[in-house]
């Protein structure tokens, strides 16, 4: 009875770990989508900065305006790159947590499997002993008759 309770508890733990792994995978997928958005935004900002043309060929007022525009776009792109680097660091932490949770789930799964095998062996031994006892009783009954 105790082994069955252990197996039930391990089964519950494996299910909980599986849910945690699923949650972490979903979180990592969301973070990956955010990373892609950052990269797409950076590509657009770079295109905006290079697409504004050379400011030196423009009249002084327009050149000043174009230069300020490029400087602001490049500054915003740099802030975006910093945010992306921080986000990627958070993704690395999330990936490590996912890996640890997956490993823990797998280990618990193996322990559960071992416990189930041991229970099956134990139950098989009980059945064989009962069959042996019945066979012995039958043999003894036939011998005395």
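The values are calculated or read from the model by the stated rules, or taken from the named source; none is laboratory data. Quick caveat: nothing in here was measured; it's all calculated off a predicted structure. Positions of Cβ are backbone-derived with ideal geometry, glycine not excepted, and every protein chain shown enters the neighbour counts.
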In segment 7-26, the residues that are surrounded by fewer than 15 Cβ atoms within 10 Å (Cβ to Cβ) and touching a helix residue (DSSP H, G or I) at 6+ places or on another chain (Cβ under 7 Å):
25
Checking residue 33 against (1) surrounded by fewer than 12 Cβ atoms within 10 Å (Cβ to Cβ); (2) at pLDDT below 95, the condition it does not meet:
(2)
Checked pairs for segment 105-126, first free of Cβ contacts under 8 Å to residues at least 12 places away in the same chain and at positive phi, second assigned to a helix (DSSP H, G or I) and loosely packed, with under 12 Cβ neighbours inside 10 Å, C-beta under 9 Å and 6 or more apart or across chains, list as none
Output yes when any residue across segment 68-79 is farther than 30 Å from residue 20 by Cα, without any contact (Cβ under 8 Å) to a residue 40 or more places away in the chain and not in a helix (DSSP H, G or I), and no when none is.
no
Restrict the check to segment 39-59 and report whether at least one residue is surrounded by 14 or more Cβ atoms within 10 Å (Cβ to Cβ) and within 30 Å of residue 101 (Cβ to Cβ).
no
With part of a helix (DSSP H, G or I) and modelled with pLDDT under 95 as the only criterion, which of 19, 13 stands out?
13
